[in-house]
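Inspection log for the structure reproduced underneath, given as structure tokens.
The values are calculated or read from the model by the stated rules, or taken from the named source; none is laboratory data. No experiment lies behind these values; they were computed from the predicted model shown. Please note: Cβ atoms are built from the backbone with ideal geometry, for glycine as well, and neighbour counts cover all protein chains shown.
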Amino acid sequence: MKAKKATAATRIDIGISEKDRLAIAGGLSKLLADSFTLYLMTHNFHWNVTGPMFNSLHNMFMEQYTEQWNALDVIAERIRALGVKAPGSYADYEKLTSINGHTGEPRALEMVALLVEAQEATARTARSLLPLADKANDQPTLDLITQRLDVHEKTAWMLRTLLEE
């Protein structure tokens, strides 16, 4: 099947070069993969946490996975606005994510530590996009990244406090 030739109506001309749009969308795809992986991990821990901190962690994890779920759409829609298909399969996310998987059934505070690592990994992925988006003068992506960094860094800090003695 032949690819359709872009017409004036379908050509993307938003003031960002195609090369930069593709690079930014590639970085956002990694952020989407990290965000989905973090969402899934947090939701899993919400379901499976046990012990004396059950109620507080169960509720905290629910707030966190709900926030993550809502972020997925924002990130995917920015990728689409840049003219690129957003990744949407487990296989895609597994290739793109920087979050290390976990196995077994971690105890409550192990869950917290794993989530700190995953929040920080997601923040690093977001931060790595800043120079590219800045160079391309891509303000919507810069705004999205700034908002995501605020969430991930604050959440990592709050989780980290649970690990202090």
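Data for the structure
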item: Residue in region 112-133 that is nearest to Ala23 (Cα to Cα), counting only those that are out of contact with any Ser or Thr (no Cβ under 9 Å at 6 or more places or on another chain) and not small (Gly, Ala, Ser); result: Pro131
item: In region 37-52, the residues that are closer than 18 Å to Ala156 by Cα, free of Cβ contacts under 8 Å to residues at least 60 places away in the same chain and touching a helix residue (DSSP H, G or I) at 6+ places or on another chain (Cβ under 7 Å); result: Tyr39, His43, His46
item: Complete set of residues in region 124-165 that are closer than 19 Å to Val74 by Cβ, in contact (Cβ under 8 Å) with a residue 60 or more places away in the chain and not hydrophobic (A, V, I, L, M, F, W, C); result: Thr125, Ser128, Asp138, Pro140, Thr141, Arg148, Thr155
item: Flag if Ala81 is surrounded by fewer than 20 Cβ atoms within 10 Å (Cβ to Cβ), among the aliphatic types (A, V, I, L, M) and farther than 21 Å from Leu40 by Cβ; result: yes
item: Verdict on Met53 being aliphatic (A, V, I, L, M) and at pLDDT below 95; result: yes
item: Extreme residue, nearest to the chain's Cα centre (by Cα), among residues of region 110-135 that are crowded, with 19+ Cβ neighbours inside 10 Å and closer than 21 Å to Leu82 by Cβ; result: Thr122
item: Count of region 74-107 residues which are touching a residue at least 24 places away in the same chain (Cβ under 8 Å), of a type in the set (Ser, Thr, Tyr) and not in a loop (DSSP other than H, G, I, E, B); result: 1
